[in-house]
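The structure under discussion appears below in the form of structure tokens.
The values are calculated or read from the model by the stated rules, or taken from the named source; none is laboratory data. Note that this is a predicted model, so its numbers are computed, not measured. Cβ placement follows ideal geometry from the backbone for every residue including glycine, while neighbour counts extend to all protein chains displayed. Heads up: the accessible areas ignore ligands, DNA and RNA and are worked out on the full protein's heavy atoms, side chains in. Shrake-Rupley method; radii C 1.70, N 1.55, O 1.52, S 1.80 Å.
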Amino acid sequence: MNEFVEQFLLEARELVEQATDDLLALEEKPGDSERLDSAFRAFHTLKGAAGIVDFAAMTRAMHAAEDVLSAIRTGANPVTPRLIGDCLTCLDQVIQWLDAMQVSGGELPPDAEAGADAILRRFGEESRVGGPVALLALPQQAPVSWVEAMLDGHPEAAAEASTAIRYSPDPGCFFRGEDPLGLIAQLPGIVALDLLPVAPWPELDALDPFACHLVLMVLISGSAEQAATLLHQVLDQVEIRPLRVATGGVEGDPGLSAAARKLLEAQLLLLAEDVAEGAAGRLASAGKVAANVLRHGGKMAEAERLERHLSHSQTAGDPRILATAIEAALNGRLLAGAPDDVGPAPRLPEETAARALRVDVERVDALVTLTGELTIAKNAISHMAGLAQDGMDPKALAALLKQHHVQLDRLVDELQQSVLRIRVLPLNHVFRRFPRLVRDMAASLGRPARLVTEGEATEADKAIVEALFEPLLHVLRNAISHGIETASERAALGKPPVATVHLRATRDGEHVIIEVADDGRGIDLERIREVAMERGVAQAETLAAMTEAEVMDLIFAPGFSTATAVTGLSGRGVGMDAVRMAVDRLGGRVGIESRPGEGTLVRFTLPLTLMMTAVMTVEAGGQLFGIPLDAVVQTVSVPHDRILPVGASHAFVLRDRTIPLLELAEVLGQGRTMTPAAEAKVVVAAVRGGLGGLEVDRLGERMNVMLRPLDGLLTSLWGVAGTTLLGDGRVLIVLDLEEIFR
Amino acid sequence: MTVRLVDGVTIVLEGQCEIDDADPLLRHLLAAPHATVDWRLCQGAHTAIIQILLASKAVVHGLPDSIFLQRNVAPLVKKAQD
């Protein structure tokens, strides 16, 4: 991606956030001229930024929004929720474009013009009172002579042109500050331009340089509407002729990157190999890689479809079925007649993580200093090597080495700390997206609510901050759709009609605490008990023995959801269990407190950093694996005769609790160990609220590792949380126990 | 200065040439009818500037520093010389 585009993406996102903040503040306080000016500036800067990367569609859209805001500034238009909503929709469109550009590596989104047209239409409806867009209805007229002359004069451009424009500026236009050519230059997709004198040129000394003597004729590939919008100030001097009805052609599949295409093509080559030996393996491998490539590109539905073709291909023993499917994916076609075709899954808005970090210079300077010290420490090693070669007394040498090790240890420790400090982001990064979303949710559910955020400056690791969006959104949704009463209910209870939802972050030692608190009706424990029984989440006697807090905690149990009405926002079958799972994955905890009539509080307790993980190594099937230590409860030796078969699996009893037992080597597909010892070595781990046992061949050591999460094509690898390098250079695979025990 | 006469035979257009530059450009061209206009550093030109280049059939040197001018205007200015 080129540097300008990168900068553009970064800045545009910041500007969109700024504009969103301003618009929301403006909605609350319509008279706030500072916010209005700030929003206007943000749109204006966005327009300028779009111009730098030649993104004409975005320039148009931003221009339209700017017009609307400037009408507010002059007092011509009042601030209405609808107008704010339109401006916000415009920003949503920008974010979609930015996301598309991020994915495609800087290519302008192919459907951008259509998106910009939609925005212009939206604003057009807004400015019913003779706004510029009111002039947009342009009848398609019979070709006129100048159009034909223009097309004849530029045969090479005729194919691309969809609109012809003749602009006859009046001679005095320069005095009004108009620059006809400058206006024309902003038109999208100019394919031909002619500048003709209105009369034959006079002698140079008779030429009036301040009068316009030109007629400008242009062919553009953009639409007549676009031209009319850009030229709206001079529409009285312009003739615009649509040459044909613009067609929204869809070509190619923009979703696959070049690398992804190459990989898919490589799988086709693999499948084309005509060697009987290992054919089944090649088929499986090609299918898996292709599905992963698609998944990595965000094409979940296609990946699933491809996997179905793979299994079809495997049963039929015919690689051609898979090859056709891969080809189809390459061409962006959907293959008809796919077995059990369930249609594309509804695509959730993709979460694009911030790729660039803004880092305080001081933190970088600290790193530079450390690098210097590390270099010195490195040089000392060669000095010591020299001493060893010269036959220095081993004891003295060992002492020297130890001393040096202490020094290096300190430096590496400092380095780690400094790097961690670079990776932290303020929570504002995720918090600032919520006021807007809460506004929309509250409006669509008819439950007036405002969001108050506190502690946005609290910092946490980038990975945590970014992963928090989904779970927090879910909790906020619940607060608004279930927690808060309707305005009339609130009035009857004597509560302020607009509910308040607090989103707070605080730092507590090595943890970050995030709380979502509403002032709604609170949680009805009786109702939870009823639902838990109904849905079989817990039995009556279990429920009776539970404390109130334990009952409350059932909200996080899989299969529990108190939504009585399915709304567009919550109650889509994703319950609070998904929230708990997401927080668990981050190594955090989530809890809930509630007081009837007063409100509910959901508290996330998260680690400050994800980078250093304590793991325990175990050996299974001849390979070394890591298990995150925070999940390990204890390790025990269990005699084989105490392991009982339960259905198809095994279990054993530990302190009166039955614990399911998995054999790690078998789970990981490495086959059962051949030499059963008298006792099984079992790691007991706490997973998803319960305990589980993993039988391993050998228990290893405990170590702190820098866990590298899986990325690229390996992202969706089952059962693996990440990898790290061991001292001897081997790769240690750290297991994801959640997935293994699922 | 966005328009200036250098060594009596070259008129240099530099940066963004606005309407105010039209008069000096015209005067330079009248004073030195055979001057070449070097617009390689010109990043934008007002209609009035281009109009003078077209009317004077001035000989231009190089291509201006703007995609729009390069693609759409420069061919017209060159054509006017013929």
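Give the residues of the stretch B:19-40 that are within 12 Å of chain A (Cβ to nearest Cβ) and in contact with a Cys (Cβ under 9 Å, 6 or more places away or on another chain), sorted by residue number. Result: B:L25, single match. Among the residues of the stretch A:677-712, what is the count of those that are assigned to a loop (DSSP other than H, G, I, E, B) and open to solvent by 80 Å² or more (accessible area, probe 1.4 Å)? Residues meeting the conditions: 5.
With respect to the conditions (1) surrounded by fewer than 21 Cβ atoms within 10 Å (Cβ to Cβ); (2) over 38 Å from the mean Cα position of the chain (by Cα); (3) of a type in the set (A, V, I, L, M); (4) under 19 Å from B:L76 (Cβ atoms), A:L183 lacks only one, and its number is (2). The single residue among A:A185, A:A206 that is within 8 Å of another protein chain (Cβ to nearest Cβ) and without any contact (Cβ under 8 Å) to a residue 24 or more places away in the chain turns out to be A:A185. One residue alone among B:Q16, B:Q43, B:Q81 is touching a Lys or Arg at 6+ places or on another chain (Cβ under 6 Å), within 14 Å of chain A (Cβ to nearest Cβ) and touching a residue at least 12 places away in the same chain (Cβ under 8 Å), and that residue is B:Q81.
Taking the conditions (1) open to solvent by less than 30 Å² (accessible area, probe 1.4 Å); (2) in a strand (DSSP E or B) in turn, A:E593 satisfies each one other than (1). Residues of the stretch A:399-438 that are among the charged types (D, E, K, R) and open to solvent by less than 50 Å² (accessible area, probe 1.4 Å): A:R436 alone. Scan the stretch A:62-92 for residues that are among the basic types (K, R) and either outside any helix (DSSP H, G or I) or over 21 Å from A:E34 (Cβ atoms) (or both) and the total you get is 1.
Within the stretch B:51-72, the set of residues being in contact with a helix residue (DSSP H, G or I) (Cβ under 6 Å, 6 or more places away or on another chain), open to solvent by less than 20 Å² (accessible area, probe 1.4 Å) and facing chain A (nearest Cβ under 9 Å) comprises B:I52, B:L54. Looking at the stretch A:450-462 only, could you name the residues that are free of Cβ contacts under 8 Å to residues at least 60 places away in the same chain and not charged (D, E, K, R)? Passing the criteria: A:L451, A:V452, A:T453, A:G455, A:A457, A:T458. With respect to A:P197, determine if the residue is within 11 Å of another protein chain (Cβ to nearest Cβ) and open to solvent by 40 Å² or more (accessible area, probe 1.4 Å). Spelling it out, A:P197 is indeed within 11 Å of another protein chain (Cβ to nearest Cβ) and open to solvent by 40 Å² or more (accessible area, probe 1.4 Å). Quickly run through the stretch A:453-511 and pick out the residues that are of a type in the set (V, I, T), within 24 Å of A:G522 (Cα to Cα) and open to solvent by 10 Å² or more (accessible area, probe 1.4 Å). Matches in the stretch A:453-511: A:T453, A:T486, A:V498, A:T500, A:T506. What are the residues in the stretch A:147-180 that are open to solvent by less than 20 Å² (accessible area, probe 1.4 Å), free of Cβ contacts under 8 Å to residues at least 60 places away in the same chain and not aromatic (F, W, Y), if any? Once the filter is applied, which keeps residues that are open to solvent by less than 20 Å² (accessible area, probe 1.4 Å), free of Cβ contacts under 8 Å to residues at least 60 places away in the same chain and not aromatic (F, W, Y), the stretch A:147-180 yields only A:P180. If you go through the stretch A:1-53 and pick out every residue that is open to solvent by 60 Å² or more (accessible area, probe 1.4 Å), free of Cβ contacts under 8 Å to residues at least 40 places away in the same chain and closer than 30 Å to B:S66 by Cα, you end up with 7. Restricting the first member to the stretch A:521-534 and to residues that are on the phi > 0 side of the Ramachandran plot, and the second to residues that are of a type outside the set (A, V, I, L, M), the beta-carbon pairs closer than 8 Å and six or more apart or on different chains are A:G522/A:G483; A:G522/A:S594; A:G522/A:R595; A:G522/A:P596; A:G522/A:G597; A:G522/A:E598; A:G522/A:G599; A:G522/A:T600. Would you call A:R529 under 17 Å from A:I555 (Cα atoms) and either in the same structural domain as A:P471 (by TED's automatic domain parsing) or open to solvent by less than 70 Å² (accessible area, probe 1.4 Å) (or both)? Yes, satisfied. Inclusion of A:A228 among residues that are away from chain B (no Cβ under 14 Å) and either in contact with a Phe, Trp or Tyr (Cβ under 9 Å, 6 or more places away or on another chain) or within 25 Å of B:K57 (Cα to Cα) (or both) is not warranted. Screening A:A505, A:A442, A:A457, A:A487 for residues that are in contact with a strand residue (DSSP E or B) (Cβ under 9 Å, 6 or more places away or on another chain) and either assigned by TED's automatic domain parsing to the domain that holds A:L370 or at pLDDT 90 or above (or both) leaves exactly one candidate, A:A505.
Evaluate the following for A:L83: is it open to solvent by less than 50 Å² (accessible area, probe 1.4 Å) and under 22 Å from the mean Cα position of the chain (by Cα)? When the stated conditions are applied, A:L83 does not pass them.
Suppose we keep only residues that are open to solvent by 20 Å² or more (accessible area, probe 1.4 Å) and in contact with a Leu (Cβ under 6 Å, 6 or more places away or on another chain) within the stretch A:209-225. Which one would you say is nearest to the other protein chains (Cβ to nearest Cβ)? Going through the qualifying residues, I end up with A:V215.
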